[in-house]
1. Counting only the backbone N, which residues of the stretch 357-378 are under 14 Å from the spot 7 Å out from the Cα of Phe325 toward its beta-carbon?
2. Between Gln100 and Glu248, 0.36 nm times their residue separation minus their Cα-Cα distance comes to what?
3. Can you give the FRET efficiency for Thr157 and Asp230, using 1/(1 + (r/R0)^6), R0 = 45 Å, r = Cβ-Cβ distance, to the nearest 0.05?
4. Sort Arg265, Arg23, Arg173 so that the residue with the fewest other Cβ atoms within 10 Å of its own Cβ comes first and the one with the most comes last.
5. To make sure I understand, if each residue's beta carbon is the centre and we count other beta carbons within 10 Å, what order do Lys59, Lys310 fall in, fewest to most?
6. Where a ≥ b ≥ c are the square roots of the eigenvalues of the C-alpha gyration tensor, would you call the stretch 290-371 rounded, which needs a/c under 1.5, or, failing that, prolate if a/b is larger than b/c, or oblate?
7. Tell me what the chain gives for mean residue ellipticity at 222 nm when only DSSP H runs of n ≥ 4 count, each as -39,500 (n - 2.57), the sum divided by the residue total, rounded to 500 deg cm²/dmol.
8. Would you mind ranking Glu272, Glu149 by Cβ crowding within 10 Å, fewest neighbours first?
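Computed from the coordinates by the stated procedures, all read-outs in this text should not be read as laboratory data. None of the values given here were measured: they were computed from a predicted structure. All Cβ positions, even for glycine, are placed from backbone atoms using ideal geometry, and neighbour counts span all protein chains on display.
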Amino acid sequence: MSHADFIHLRVHSAYSLSQGAIRVPELVALAHDMNMPAVAITDTGNMFGALEFSQYCGKKGVQPIIGCQLALPSRSDKPGMPAEPLALLARNAEGLANLQFLSSAGFLQNETDEATVTLDLLCERAGGLFLMTGGSRGPLFHMLAEGQEREAATFMTRLHEAYGANMAVELHRHGQAAERAVEPGMIAMADRMGIPLVATNECFFPRPDMYEAHDALLCIAQGRTMAERDRWRVTPEHWFKPPEVMRELFADLPEACDNTLEIARCCAIQVETRKPLLPVCPKVEEGQTEEQTLRHMAISGLANRLSRMKIDDETRQKYEERLAFELDIIAQMGFPGYFMIVADFIQWAKAHDIPVGPGRGSGAGSLAAWALTITDID
């Protein structure tokens, strides 16, 4: 069976928190049923669904394209303007790492509701990524809509220098008058700079009949009512349209649909499962391993606990032998760092009068946890 001649590259799954209404299994099933050889996930600011998405795509024989929507800060000349999003797709392992870095930086470096990165950082971390300009919500669209052709050209030149052939001017046709008005300027700029066009439909819900339910979701997220008009909303056209519908919509620009397939061919990376990676505890003493440091902490902690108890030497020996046994098991399982990290944040919480629970699971009943003051149960 021949594959579809259009691929969705701008999809908000349910991991676009309080925005997307397409569950990952449903997203992959839609792409499979429409014979799409690939499909992208570009959630707002995060990559929470990347692993689940890759796994479901593998089961259905659909190529996953891992992406993310990130925003640029409001421009200084428009302080009241909301952040303007761009879409990034990972082409390879380097791109996936850079996308993860940018997504994290977007939340860590800015106190905003949406993951926001600077243009400098976006260009600095361009390796292995494909950039789309954000369509009718992106910065290029808004600059041209405001008549700022010179600023738009400068902005695009900066991106083109960083991304080269790995970028495209993104066109939306959601039936809005502003899209029709600005589109000629976007096409003209792409032509002047030799940048390809790509047709996308920013998908927030799976079917047309889901529009009202999705609109209610946006109202809940914003604390607004459906009767209010001055709120962020999407159109009834923001659904996962079949390829033939998208082809008809862009019948005058078939190359914009063709380019969705070309972009998919260059984005051959997926998220793989791996064993948990525990961070190295900062409390490791210089010249010692995590295991040695943990043993020192636990033995000192036990001695401190026992010093406040009236016990004989035989009982004390039982405690010490039990602790040695447990520390050997912890070392064999590779968990010294885990115990040290848990001890670190529990001790910090107690020192700052933050209540902590008695502990859960098998580790909570261990003598090691008691010696490290993770729990207060002997």
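1. Only 366-368 pass the distance filter.
2. Details: separation 148, 0.36 × 148 = 53.28 nm, distance 3.53 nm.
That pair, Gln100 and Glu248, stretches by 49.7 nm at full extension.
3. On the way: r = 35 Å, r/R0 = 0.78.
Result of the calculation: an efficiency of 0.80.
4. Working: Arg265 11, Arg23 16, Arg173 19.
Listing Arg265, Arg23, Arg173 from fewest to most nearby Cβ atoms yields Arg265, Arg23, Arg173.
5. Lys310, Lys59
6. Working: a/c = 1.80, a/b = 1.19, b/c = 1.51.
Note, shape of the stretch 290-371 comes out oblate.
7. Numbers: 14 runs with 171 residues, N = 378.
Taken over the chain, the calculation gives -14000 deg cm²/dmol.
8. Details: Glu272 9, Glu149 13.
Arranged by neighbour count, lowest to highest, Glu272, Glu149 become Glu272, Glu149.
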